[in-house]
Amino acid sequence: MKLTDAFKAAASGIRHARLRSFLTMLGIVIGIASVILLMAIGGSAQNLILSQVEGLGSNLIIIIPGGTNSGRFSSPATAQGIVIKSLKQNDVDALRREPAIAAVVAEIRGQADVVYGDNDVTITYEGVTSNFFSVRNFETAKGYPFAENDVNSFNHVTVIGSALANTLFGPTINPLGKLIHIKNLSFRVMGVLPKKGTGAFGIDQDNLVIVPISVGQKQMLGIDYYTDIIVQANNAFSIDFTKSRVTSVLRGNHGIANANKDDFTIQTQEDILSLLGNITSIMTLFLAAIASISLVVGGIGIMNIMLVSVVERTKEIGLRKAVGATHKDILKQFLIEAVMLTAIGGATGILVGSLLTALTYVVLSHVLATGWTFVLPPQAIILAVAVSTITGLAFGIYPARQAAKKNPIDALRYE
Amino acid sequence: MISIRNLKKNYDGEGAVTTALEDISFDITTGEFVAIMGPSGSGKSTLLHILSFLDRPTSGSYAFQGKRMQDLSDEELARIRNEEMGFIFQSFNLLARQTVYENVEIPLIYNANIPPELREARVRAAVAAVGLDDKLYEEAGKLSGVQKQRVAIARALVNQPNVIFADEPTGNLDSASGAQIMEILARLNESGHTIILVTHETYTSEFAKRAIHIKDGRIHSDGPLTRRRTSKSDFIK
């Protein structure tokens, strides 16, 4: 029996039992579509998270107060809710003198109510040095960012997020030049940020209030330390070298001799990207593994219905054997039928999964406006094709062998 | 063509051995029309299954066209069944949802000697030989009983076999339809095909030239049929 004839016989078997074939395939279609959709969502989520970290700026090193004790995955003390006051102005000054460093941004962060007229919203505010806007790639959609002079002069000026501007002023009032009130201080709105979505570490950048560091630190919080310091490495030096220089400068400033007793944590973008990349990859694999369970269930469905089909077609098997089909011919025909069912199911699953992925993209990117990207990972498609074919082979072999083993005389007599 | 000596067939079942055939010996030469007859349970179908290579004997020897069955593998038996034997069954054994063409084509699929481009001519010739040219692309399940058996005969003829085995070919047909089928078999025999027919109906066997009677698994009688029918009207009477 030629392979083309085996394919024709298998196709004929599928064609003449359309409903049964459709129901058999359904399990595989759902399984493959689930794998594609979940891997695509995982891929998109990974892209979104990584792009947010990359959106922090380039060549950045983040210094957080508090040590991490040991281990790459242990969180710094501040992340555990402990207030550490180790990062101060002398650190910023020392870092600014370091040739490997192009820029140093000091930051403080707090929460307060912002009031304009009758509107009162609780927001996160950031006090930053004026170079924050260039280092962090924050441009304004309206107005301008504040300058060094505003920081030095304790000017009560602010740049606010787009959603907050809309909440406070509505669509008709131009926020620029208006006075908003935070902690009994009045700030003149100098600029409004474009829509930026949620930034790295879950900060809602569209509801942010950015004020000069001097005002934020001294007048709003009344502290002499910083929440974090961001260092931009000089292009002429490697990140690793700059990181070692930052470590050295801070240890010198803080009088630390033992490396295990650092009262600060240094993270590069690469560290964060690698950590988040690992986490999201594991999540994606985890989702794919869950979806794969449905493929196994689909495979068992194929085996079940193929076994029923073998019993139903006992007479056909007997006839084919009587007129010259060998054990191998029958095995081939039924195995190809199972693989064809799963292959068609797999192809349909890829199509359905892709459509659902596109639909998810439309909903999440346009309706929720989260900056979601369309990702259809090729490895998901390769995995889907491979798994569906293997499923067909694995779950088709037993029914096919049952068919091939049939005694032609008993098969011909079967009623 | 066929030579059988001291053939025996036992079946093992639940601790007891049943003898279906015992001490069967005969020869069939090319061009004969032989009816194997006997009451139900006599062993005639078992004998047909062995003659047609669908089953193996427990002991004794069987040679088909000089080839001894015990020397042949299952694959070789399947090849000989395909190329040198044709089969007609009582219940037609057609694939009901496939067309006449697809049903008749089945034995050609397993014949490595017939290239695919020659298949259509073979199918058309076989279907024409049973007078169903106009039904070529009809679903087999929608045909009448006699038409189905004609399709089965076309399927048996398509590989141009030396011998045709017919197992109660008129068993599911009325007498007029049965007569049509027997006429076709008689015509095939006249054109040189060896026909081996299993039947328990005397009037069907009378189309054959020789009758082998089986009783309790043994040959009861073996000889030429003196009273032969050759036409449909004679058969229906």
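Coordinate-derived values only; no laboratory data. Not measured: the values here are computed from a predicted model. In this analysis, Cβ positions are derived from the backbone assuming ideal geometry, glycine residues included, and neighbour counts consider all displayed protein chains.
Values for this structure:
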quantity: Antiparallel DSSP beta bridges within chain B, as percent of all bridges there, nearest 5; calculated: 55
quantity: Relative contact order of the stretch B:20-128, pairs being alpha-carbon contacts under 8 Å that are 6 or more residues apart, as %; calculated: 15
quantity: Farthest positive-ward along chain B dipole, Cα basis, beta-carbon charges - from B:I212, B:V100, B:G145; calculated: B:I212
quantity: Two-site FRET efficiency, A:I203 against A:A257, from Cβ-Cβ distance with R₀ of 56 Å, rounded to 0.05; calculated: 0.95
quantity: Principal-axis tilt of helix B:116-129 within chain B, Cα atoms, nearest 10 degrees; calculated: 80
quantity: Relative contact order for chain B, counting Cα pairs under 8 Å that sit 6 or more residues apart, in percent; calculated: 27
quantity: Per residue, the convex hull volume that the Cα atoms of the stretch B:42-159 enclose (Å³); calculated: 118
quantity: Mean Kyte hydropathy of -0.5 or more with a Cα span along the axis of at least 24 Å, helices from DSSP in chain A; calculated: A:18-54, A:269-312, A:327-362, A:378-405
quantity: Residues A:T167, B:T30, B:T204, sorted so that the one with the fewest Cβ neighbours within 10 Å comes first; calculated: B:T30, A:T167, B:T204
quantity: Lysine-lysine proximity count for chain B, Cα under 17 Å, sequence distance 8 or more or distinct chains; calculated: 7
quantity: Protection proxy ranking of A:322-328, B:146-152 - average other beta-carbon atoms within 10 Å, highest first; calculated: B:146-152, A:322-328
quantity: Dipole magnitude of the protein assembly as shown about its Cα centre (Cβ charges: Lys, Arg +1; Asp, Glu -1), debye to nearest 20; calculated: 1140
quantity: Tilt relative to chain B, helix B:145-157 - C-alpha long axis, 0 to 90 degrees, to 10; calculated: 80
quantity: Whole-Hz couplings from phi, Karplus 6.51/-1.76/1.60, listed for the stretch B:179-196; x for Gly and Pro; calculated: 5, 4, 5, 5, 4, 5, 5, 4, 5, 5, 5, 5, 7, x, 6, 7, 10, 10
quantity: Over chain A: Kirkwood hydrodynamic radius from C-alpha pairwise inverse distances, Å; calculated: 26.1
quantity: Value of [θ]222 nm, deg cm²/dmol, for chain B, DSSP H segments ≥ 4, -39500 (n - 2.57) each, nearest 500; calculated: -10000 deg cm²/dmol
quantity: CD proxy at 222 nm, helix term only [per DSSP H run n ≥ 4: -39500 (n - 2.57); per residue of chain A; nearest 500]; calculated: -17500 deg cm²/dmol
quantity: Whole-number percent relative contact order across chain A, with pairs defined as alpha carbons under 8 Å at least 6 apart; calculated: 29
quantity: Long-range HN-HN contacts of B:A20 with modeled amide H, under 5 Å; calculated: B:K9, B:N10, B:Y11
quantity: Ranked A:M190, A:M1, criterion: other C-beta atoms within 10 Å, fewest first; calculated: A:M1, A:M190
quantity: Ranked by how many other beta carbons lie within 10 Å on average, peptides A:108-118, B:174-184 from highest; calculated: B:174-184, A:108-118
quantity: Net dipole in debye of the stretch B:59-169 [+1 Lys, Arg Cβ; -1 Asp, Glu Cβ; about Cα centre; nearest 20]; calculated: 180
quantity: Positive-end residue, chain A charge dipole about Cα centroid, Cβ charges, pick of A:G301, A:A9, A:I82; calculated: A:A9
quantity: Sorted by Cβ density within 10 Å, fewest first, the residues A:K315, B:K215; calculated: B:K215, A:K315
quantity: Charge dipole (the stretch A:244-363, unit charges on Cβ, about Cα centre) - positive-most of A:I282, A:A322, A:L359; calculated: A:A322
quantity: Average beta-carbon neighbours from other chains, 10 Å sphere, peptide B:42-49; calculated: 1
quantity: Size of charge dipole - the stretch A:110-253 - debye, nearest 20, with Cβ of Lys, Arg +1 and Asp, Glu -1, no other charges; calculated: 260
quantity: Three-way shape call for the stretch A:128-215 based on the alpha-carbon gyration tensor, with the a/c threshold at 1.5; calculated: oblate
